[in-house]
Amino acid sequence: MARYARIVGTGRYLPEEELSNAEFAARMDRLSPGLGQIVFKFEENSGIRRRFRAPREWTTSDLATRAAQAALEAAGLTPDQVDLIILGTDSPDYITPATSVVVQHKLGAKNAGTFDIGCACASFPTAFSAASGYIAANPWMKYVLVIGAYMMSKLADENDLTSFFYGDGAGAAVLTAADRPGFISCAFNADGAYHKHWGIYSGGTYEPATCESVQAGRTKVRLLERYPPEVNHQGWPKVTRMLAERGGFTLDEIDHIIFTQVNSTSISIVMADLGLPLERAHQVMHDFGYTGSACIPMALDDAVKKGLIKEGQLVALVGSGVGYNQAGVAFRW
C-alpha cells in the first residue's frame, strides 16, 4: 500500500517585542535625517508594517522549539513520538553542530533523528518534500516534525536599512503517513551565480572570522547587490507551473498558495501571471513582518488557525531564498 505524507498539526511562535515601522524610521532618522522616508517606501512596496524581536539572549533553537511544541500540541502528540526532525534555517545557533539537534534536546524528542536544511526561505518547502520522501520510503517512520525558524535580526546590523526586513519567528508542521495524498509534487529551481548578492560572508571557510572581519561587519548579514525583480516574478510562476505539471493538476485547482512573505507587490504580480485571484495567496507579512525561513510555515499555520484551509483542498507552498534557491511543494489538506 502506498504511503503519503499528510499534515496532522501546525504551530508557530512569534515573539512579544514589537518594532513598528514608525520606531524603525525614527531610528534611521537619528542616524541620518531623511532615511526614515525610505522605510515607508519599503512599507508601501512590501506590505510589512512591523516585525518582532526575540530576547537577545535567545537563539534560533528557542524559537523553533516553541513552534514545534505548538505543532505537536495541535497534532495531539508528545515529543517522544517524533521519529525525525528536519529544521530549515539560515540563522543557525552554530555553524556546527546542527540547530535541529539542539531543538531535539530542548524539545525532549529523545527518539528522533535530526538534520538541518539551509536554503533560506526555500527551506520549508524543501524540508516538507524531504519529509514526504522519508515517510513514503520507510514503513517504520510515523511522525516527522518539519520546522522553519529565523532569527536573522541577531545577525544583522540594526543601523542598516536592510534590517527593516528581519523579523524573528518560527513555524512547524507534523507530517504522518496516510493511504491518500497528502503530498502530491515538489519542484526546485536555483541559480548559484547570485550567491554573492546577499549573505553572511565571514565566519565560514571562505573567510574565517577575524578581529578585522568582525570590526568591518562582515560577520553580519549584508546585501551587497540587489536581486533583479524577475528572480521571483518569473521564478515563482515557473516553480508553481512545475508543481502543477508534475502533480497532474491545473493552476485553477489550487485553493491556496503561500509564497515567501517578503513583498506583497511581488505576490500580486505573480498571481496575475498565474491567472489566479489574489485572495488565494494568504499573506501575513503585514502582521508578522518578514520572517525568512519561518515565514511560509507561519503563514500556513495562520491560514489553518483562521479556518481558511479546509479538508481536501489543494495547497501549494513556494519559497525563494538567497543563493538563490527556490522550492515548491503541493499537497492536499
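Every number here is computed from the coordinates shown, using simple stated rules; none is lab data. Quantities reported herein were computed from a predicted structural model and do not represent experimental measurements. With ideal geometry, Cβ positions are generated from the backbone for all residues, glycine too; neighbour counts draw on all protein chains shown.
For a footprinting-style exposure proxy, rank LEU274, LEU300, LEU223, LEU175 by other Cβ within 10 Å, fewest first. Can you show the working numbers first?
Values: LEU274 20, LEU300 27, LEU223 14, LEU175 30.
Ascending Cβ contact count within 10 Å gives the list LEU223, LEU274, LEU300, LEU175.
Once both axes come from the Cα atoms, what is the angle between helix 295-305 and the longest principal axis of the chain, in degrees from 0 to 90, rounded to 10?
50
Which distance in Å, rounded to a whole number, links the C-alpha centroids of segment 121-153 and segment 234-249?
20
What nm distance separates the two modelled labels at LYS306 and THR250, each placed 7 Å from Cα along Cα→Cβ?
2.7
In bins 5 Å wide, starting from 0, what share of all Cα pairs of segment 113-258 does each bin hold, as a percent?
2, 7, 13, 16, 18, 16, 12, 9, 5, 2, 1, 0
Rounded to the nearest Å, what's the spacing between the alpha carbon centres of segment 2-53 and segment 293-328? Just the number, please.
Computed from Cα coordinates, the inter-centre distance equals 17 Å.
What is the diffusion coefficient of segment 184-332 in µm²/s, taking the Kirkwood radius over Cα pairs and the Stokes-Einstein relation at 25 °C with a viscosity of 0.890 mPa s? Provide the component values of the computation, followed by the final result.
Working: Rh = 16.6 Å.
Reported coefficient: 148 µm²/s.
Which FRET efficiency value, to the nearest 0.05, do you get for ALA2 and ASN45 by plugging their Cβ-Cβ distance into 1/(1 + (r/R0)^6) with R0 = 41 Å?
Details: r = 44 Å, r/R0 = 1.08.
E(calc), rounded to 0.05, equals 0.40.
What would the Debye equation give as log₁₀ I(q)/I(0) for segment 43-108 at q = 0.16 Å⁻¹, counting only Cα atoms as equal point scatterers?
-0.64
Would you calculate the volume per residue, in Å³, of the smallest convex hull containing every Cα atom of segment 20-78? Let's see the in-between values first.
Numbers: hull volume 6.3 nm³, N = 59.
Enclosed volume per residue, from the Cα hull, is 107 Å³.
Across the Cα atoms of segment 205-277, what radius of gyration and what greatest pairwise Cα-Cα distance (Dmax) are found, in Å?
Rg then Dmax for segment 205-277, in Å: 18.5, 55.
Express as a percent, rounded to the nearest 5, the fraction of DSSP beta bridges in the chain (both residues included) that run antiparallel.
Values: 38 of 52 bridges.
The antiparallel proportion sits near 75 percent.
Of VAL270, VAL329, VAL214, how do they rank once you tally other Cβ atoms within 10 Å and put the fewest first?
Values: VAL270 23, VAL329 29, VAL214 13.
Result, fewest neighbours first: VAL214, VAL270, VAL329.
Please report, in debye to the nearest 20, how large the charge dipole of the chain is about its Cα centre when each Lys and Arg carries +1 at its beta carbon and each Asp and Glu carries -1 there. Could you put the intermediate results ahead of the total?
Working: 30 positive and 35 negative charges, 78 e Å.
Using only the charged Cβ atoms, the result is roughly 380 debye.
So what's the back-of-envelope 222 nm ellipticity for the chain, counting only DSSP H runs of four-plus at -39500 (n - 2.57) apiece and dividing by all residues, rounded to 500? Walk me through the numbers before you get to the answer.
Working: 10 runs with 112 residues, N = 333.
Dividing the helical sum by the residues of the chain leaves -10000 deg cm²/dmol.
When DSSP assigns beta bridges and you keep just the ones with both residues in segment 4-180, what percent turn out antiparallel, to the nearest 5?
Values: 21 of 31 bridges.
The answer is about 70 percent antiparallel.
Against the longest principal axis of the chain, how steep is helix 230-247, in degrees 0 to 90 to the nearest 10, with axes from Cα atoms?
10
Spin-label point model (7 Å from Cα, Cβ direction): what's the ARG218 to GLN234 distance in nm?
Here the answer is 3.2 nm between the modelled labels.
Output the 0 to 90 degree angle, nearest 10, between the alpha-carbon long axis of helix 60-75 and the longest principal axis computed from the alpha carbons of the chain.
30
Using the structure shown, select from LYS106/LYS220; LYS154/LYS196; LYS106/LYS142; LYS41/LYS220; LYS142/LYS238; LYS196/LYS305 the pairs with a Cα to Cα distance greater than 30 angstrom.
Among LYS106/LYS220; LYS154/LYS196; LYS106/LYS142; LYS41/LYS220; LYS142/LYS238; LYS196/LYS305, the Cα-Cα distance tops 30 Å for LYS142/LYS238; LYS196/LYS305.
Which of the following values of Cα extents along the principal axes in Å was calculated from the structure shown: (i) 75, 46, 40; (ii) 64, 46, 36; (iii) 106, 70, 30?
It is the one labelled (ii).
Order of TRP140, TRP198 from fewest to most other C-beta atoms within 10 Å? Show your work: numbers first, answer last.
Numbers: TRP140 6, TRP198 20.
Fewest-to-most ranking of TRP140, TRP198: TRP140, TRP198.
In square nanometres, what is the average projected area of the Cα convex hull of segment 59-179?
Averaging across all directions leaves 7.4 nm² for the Cα convex hull.
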